[in-house]
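Worksheet for the structure shown next.
The values are calculated or read from the model by the stated rules, or taken from the named source; none is laboratory data. Fair warning: this is a prediction, and the values are worked out from it, not measured in the lab. Reconstructed Cβ throughout: ideal geometry from the backbone, glycine too, with neighbour counts over all protein chains shown.
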Amino acid sequence: MITDATDLPVLKPFRLSCPLRGEAGPAIPLTATHAVVLVFALLLAVSIAQAAAAPAAPPILATLIKWTPLLAQGFALNIAMSFIAMGIGTALGFALGLALISLRRPVRGVAWFLTEFFRNAPWLVLLFYCMLLLPFELRIGDAIIPLPGWMKSTLGLSLAVMANVAELVRGAVNSIPFGQWEAAEALAFTRMQTLRMVILPQCIKRMTPPWMNLYAILTVGTPLASVVGVSEAMTLTGDILAAENRSELLVPMYLYLLLWFFVYCYPIARFTVRLERRFQVR
Amino acid sequence: MMAWTPDQPLVSIRDVHLAFGQVQVLNGISLDVMKGGVVCIIGPSGAGKSTLLRCVNALVPIDRGSILVEGQEVHDAKLDKLKLRRKVGMVFQQYNLFPHRTALENVMMAPVHVLKRPRGAVEQEARALMRKVRLEDKEGSYPGELSGGQQQRVAIARSLAMQPDVMLFDEVTAALDPETVKEVLVTIRELAEEGMTCMIVTHEMGFAREIADDIYFTDRGVVVEHGPPAEFFASARDPRTRQFLSQIL
């Protein structure tokens, strides 16, 4: 079993699997200060590494730039994985969330179990399960759908997203004042009509900030796929370091990778905070 | 069951009991509302007035007794609740407008989606209703942009759009500023004058005296006494009624 206490760098994002509790979890705590610190740390690391490097070796900054296109390729896969996992997870999560508020007890029970199970399962464990349990291709009639490793790990991540979105839906529905249900009922709306026309449209707005927050957390969680051998940015960084075989590159390289994720997630985090503030006013 | 005719009470409540857990909310309450009649229900808070209204359109199921709306038993597991609710309009203390829709859309939603009536005709009627509650210039406003009194009038228009046979008003002015209370009461009085059957739970004694055909004083889930307003206010017999009136008037 994997625990938090590990010194493997690849397992560090593991703490991000801590589930979003409540309706609106705290926004991912990124501020502009983090960016400054990060850039400063990168520059510091580059210069320290430069000092430690052999005199004949090419400069550190040049090496980073040289590998940037490859890193960008890997990062594109991270983004693709986050998009697909978010899409699948949101669709499934909505269905599961509606099952959570079903009037039928058995439906609610099953949905509750699935939600709690996937919400509290470590993401990495889900990834391993999907990696090992899913076939490498699916045959539906004559059509063969290949399931490459990155797709399988994306499905694993979607399960975690699904459970978190389900909980968001449930929380948002419960946060709508009871008077809305009563008013719709008094106007002879059926339960389905009430949900579709009155409750859910109001939920979407409430759910958007925590949903974006979940997306940012998912994106920084995609490097987990490196553990199961997907060639995303994290894996490629390892490959690059192996190819260069220069120990002084280790710190600047990983910091560089960190910067990529920061640059992508920071605007999302800021936008989430802005949205949260705007929705609070009304 | 005999068919309902307009000379019988439109709403007939007989010996209704209801408990929430240990708390007996309704304790054998009985009252009648004739077609076109206006009944005001008054009484101290916790008397079960709001709960009684919710029982009439089956928002709250009752334990025992009988509630007939146009001869149809509400306290019946086989009852088509949606059909009943089309006949019974309800306006709430907190307005409960749908905040994501404009005032006009709030009025139109139920006729379009519940009654499945054509949009064009519904829209015309909705505009007429907005004029009736004197908010024709607020059709495109969202509930958040309206004052409490305006929201409550939209809520009245929204209920009327279903063309109900009876309207239930649940302390509709209790959450309003004093200066906007009047505009809502005027709207209700106009409705009553047009012959709409109304059951009104209210704390506005002056309004009740002016508008009601019958005033019911309830306390602890029973009707303590009732009568036409002039008689009721002049010569209340029961000490509980007299005490309540002396506190309020």
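Points to keep in mind about this one:
- Flag for A:A163 being touching a helix residue (DSSP H, G or I) at 6+ places or on another chain (Cβ under 8 Å), away from chain B (no Cβ under 14 Å) and either acidic (D, E) or touching a residue at least 60 places away in the same chain (Cβ under 8 Å) (or both): yes
- Evaluating A:F178 against the criteria (1) at pLDDT below 95; (2) more than 11 Å from chain B (Cβ to nearest Cβ) leaves one unmet condition, (2).
- Note on the range A:227-255: residues that are hydroxyl-bearing (S, T, Y) and at pLDDT 90 or above amount to 3.
- Those residues of the range A:208-239 which are among the hydroxyl-bearing types (S, T, Y) and closer than 15 Å to A:C265 by Cβ, in sequence order: A:Y215, A:T219, A:T222
- The residues of the range B:198-223 that are in contact with a Gly (Cβ under 6 Å, 6 or more places away or on another chain) and within 8 Å of B:V38 (Cα to Cα) amount to a single one, B:D213.
- Scanning the range A:96-107 finds no residues that are within 30 Å of A:A243 (Cα to Cα) and within 21 Å of the chain's Cα centre (by Cα).
- Lone qualifier among B:V91, B:V39, B:V60, B:V74 - being over 22 Å from A:W181 (Cα atoms) and surrounded by 14 or more Cβ atoms within 10 Å (Cβ to Cβ): B:V39
- Any hit, the range B:139-155, residues being more than 13 Å from every other protein chain (Cβ to nearest Cβ), farther than 23 Å from A:F178 by Cα and not small (G, A, S): yes
- Those strands (runs of 3 or more DSSP E) of the range B:189-238 in which 3 or more residues are among the aromatic types (F, W, Y) are absent.
- Filter result for B:M167 (within 13 Å of the chain's Cα centre (by Cα) and within 14 Å of another protein chain (Cβ to nearest Cβ)): yes
- Restricting the range A:184-230 to residues that are within 14 Å of chain B (Cβ to nearest Cβ) and assigned to a loop (DSSP other than H, G, I, E, B), the residue that is nearest to B:L160 (Cα to Cα) is A:L187.
- Residue check, B:G206 among the small types (G, A, S), free of Cβ contacts under 8 Å to residues at least 24 places away in the same chain and farther than 20 Å from B:A155 by Cα: yes
- Selection count, the range A:244-255, where residues are free of Cβ contacts under 8 Å to residues at least 60 places away in the same chain and within 16 Å of A:G74 (Cα to Cα): 0
- Test for A:R119: is it within 20 Å of the chain's Cα centre (by Cα), within 12 Å of chain B (Cβ to nearest Cβ) and surrounded by 18 or more Cβ atoms within 10 Å (Cβ to Cβ): no
- Of the residues B:Q124, B:Q163, B:Q151, the single one that is assigned to a helix (DSSP H, G or I) and either on the phi > 0 side of the Ramachandran plot or crowded, with 17+ Cβ neighbours inside 10 Å (or both) is B:Q151.
- As a summary of the residue check, A:T272 satisfies the conditions (1) assigned to a helix (DSSP H, G or I); (2) within 30 Å of A:L134 (Cα to Cα); (3) in contact (Cβ under 8 Å) with a residue 60 or more places away in the chain except for the one numbered (2).
- Filtered residue count, the range B:180-195, keeping only those that are touching a residue at least 12 places away in the same chain (Cβ under 8 Å) and within 21 Å of B:Q94 (Cβ to Cβ): 8
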